[in-house]
Amino acid sequence: MKPTERIFIFRKLRWQLTFWFVLLTMIVYIISALFGCWIFRTAMTSLVDSELTALTNELIPAVSVIDGRPSLQGWSKTIHKGPYRYLPIIQLYDKEGELIEFHGPAGVPILFSRLENAKRDVKEETYHIRVHTVPLREQRQLIGYLQLELSLKNIDGAIANFGTTMALIAPFLLFGFGLAGYLFSSKAAHPVEESFSILQRFVADASHELTTPISIILANAESMEADTSNNESTKTKLETIMRSTERMNSLVSDLMLLAKMESPHLLARPELIDLDKLLRSILSDFKELFKTKSIQLTEEGVPTVQIYGDGESIKCLITNLLQNALKYTDPGGTVKASLSIVGRQAKLSISDTGVGIPAESLAHIFDRFFRVDSSRSRIAGGSGLGLSIVKAIVDAHKGRIEVQSSPREGTTFSVYLPSK
């Protein structure tokens, strides 16, 4: 993984942490606002109910019975008649539920309940009305109902204002939480980023340190093989040791190369590369290898193309793609290399008629040590890092790589690099 990609990944991690922090904060904020509205409304409704209950208890003794029907005519003459804006609506109904008398502003002429001390909210256009209904009895006989209605318009307005205020505050609050979340996420991700850097340095250092002892083991094994040429058993064991050592040496070399590709100093001094000449030179070196395996190696459309980059790493990129095609193409097959200009990019393609890659494996072929077919891959050799190295080189040069493949039909790798 190149430094810029690592920076991008950890920056993305910080943004993800910030997003989830802001999202959770917003959810908590919304729930808190709704809960606050509910508590406020419940408290105000309880206060209104207390006032209505007190007024009901005051009015019941003042109710008189005229012709078997309840009346408050006597009570109404004793109170001061003024504006009814904040007064409750007082209604009297007969036992059949017909309105027979009301005091105060005009309300809703409907008996909403026949139950004892019934309290409920009634929606009236754009606001609510709180209704309190009690049955009236004379000598235990039902004679009618006393119903009080009180508009909750002011309470509804206060709740609406509260909600509007919370909505107006929300963007500023969330922006502040988002900024704080990003700063704290940076601190939270720092230990992970530091651990990742330490691990990357360890791989590079360990690979470097392993090179010398592996070389010593391999040299001594080769020397012992010459000394034990007459002992078949020992010779076989030494050959096994040498093969394993060579494979380990290849693995260490690839790990060191991968660490180099991810180094921030890889393109510190980019050079001008004649990509067409470099490709022809590498193809010329590989011709005998392909010929030995009876595979046809061809080149197609190789115009003059120049790019800026690291020459050794670009050579390694082409070499790894050709080696990959050589491994997985059966005798009698064809491998084709082509070079072209697409917009402001140089397009390098390596196509083969080999075994191909299953669709479910295409997303993982650039992962380290990933093998499509473990048994076949181990027989073919290699460390499992070849395509990871290719991807690292492409990323370091700010390019991209695409792959198209079908099982038993072949594979095409297309590399796009910024041209001069």
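The values are calculated or read from the model by the stated rules, or taken from the named source; none is laboratory data. Because the structure is a prediction, the values reported are computed rather than measured. Backbone-built Cβ (ideal geometry, glycine too); neighbour counts: all protein chains shown. We work out accessible area using only protein heavy atoms, side chains counted, and drop any ligands, DNA or RNA first. Shrake-Rupley method; radii C 1.70, N 1.55, O 1.52, S 1.80 Å.
Points to keep in mind about this one:
- Taking the 1.4 Å solvent-accessible surface of segment 266-416 as the whole, the part contributed by carbon and sulfur is 48%.
- Here's the picture: a label point sits 7 Å out from the Cα of Q296 along the beta-carbon direction, and within segment 314-345 the residues with their amide nitrogen under 12 Å of it are 332-336.
- Ranked packing of 145-156, 95-106, most packed first, by mean Cβ within 10 Å: 145-156, 95-106
- Put a dot 7 Å past the Cα of E360, heading toward its Cβ, do the same for K398, and the two dots end up 3.9 nm apart.
- On the basis of the beta-carbon distance and an R0 of 60 Å, T164 and R269 show a calculated FRET efficiency of 0.45.
- Cross-link pairs K347/K391; K287/K315; K277/K398; K277/K347; K347/K420; K287/K336 - those with Cα-Cα distance over 19 Å: K277/K398
- Surrounding net charge for K293, when Lys and Arg each add one and Asp and Glu each subtract one, Cβ distance under 13 Å: 0
- Under a 5 Å amide H cut-off, with hydrogens placed 1.01 Å from N, E101 pairs with L92 among residues at least 5 apart or on other chains.
- Sulfur and carbon atoms: percent of accessible area, segment 97-137 [1.4 Å]: 48
- In the full protein context, segment 16-123 carries 66 Å² of accessible surface per residue, based on a 1.4 Å probe and ignoring ligands, DNA and RNA.
- The gain in end-to-end length when the A43 to D156 segment is fully stretched comes to 39.4 nm, 0.36 nm per residue minus the alpha carbon separation.
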